[in-house]
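Just so you know, all these numbers are worked out from the coordinates, no wet-lab data involved. The shown structure was predicted, so the numbers you read here are calculated from the model rather than taken from an experiment.
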Amino acid sequence: MIQFSNIASTYNEYLDTLYAYALHLGFDEQAAMDAIHDVFYKLCTHHSSLNEINNLKSYLFRSLRNRLIDIKRVNRGNTNPLSEQDDIYEAFPFQLHVTIEDEMILKEDAEEIRQKVENVLNRLTDRQREIVYLRYIQEQSYEEIAEIMQISVAACRNLISKSISKLKESSIVILLLMIQ
């Protein structure tokens, strides 16, 4: 069993990040917290040490995403883990709301910039918004994102490339990267 102090410090370190990710995936606060608690319960009961996990942050993101997929399936009445796989992934309305830094709020056009960025992000598909969030806000590697989203590294790179190309079309990508 993992020592309580290790799991407690890990929980405290990643709680806010995991919670935000679950909310971005379109889950309510209660479902997000339930899923996070399920992930940490599994971590406590199925692993002898946190040291056995190569990348803890990626492990937690993937575990949370998988748990949320399970919750979504149960809520839809679909208990077969292999059926409607594409439908369940497409059903995640990944929402990425931009928060403007304090110095930008002081500028009179901060609201206009925020609206433009959100309009650009809304042109992306749910999966594109999710991958942009994981890559540029959570700073995950392509390999980590591929593992979290359960896609190949090549598909991950392709999806990032398509997402950035779509953002470049709107000529706000530099602003988007500055806000992260």
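A few notes on this one:
- Annotation: extensible slack from residue 125 through residue 161 equals 11.6 nm (criterion: 0.36 nm per residue apart, minus Cα-Cα distance).
- Shown in residue order for region 126-136 are the 3J(HN,Hα) couplings computed by the Karplus curve 6.51 cos²θ - 1.76 cosθ + 1.60 at θ = phi - 60°: 4, 5, 5, 4, 5, 5, 5, 4, 5, 6, 9 Hz (x for Gly and Pro).
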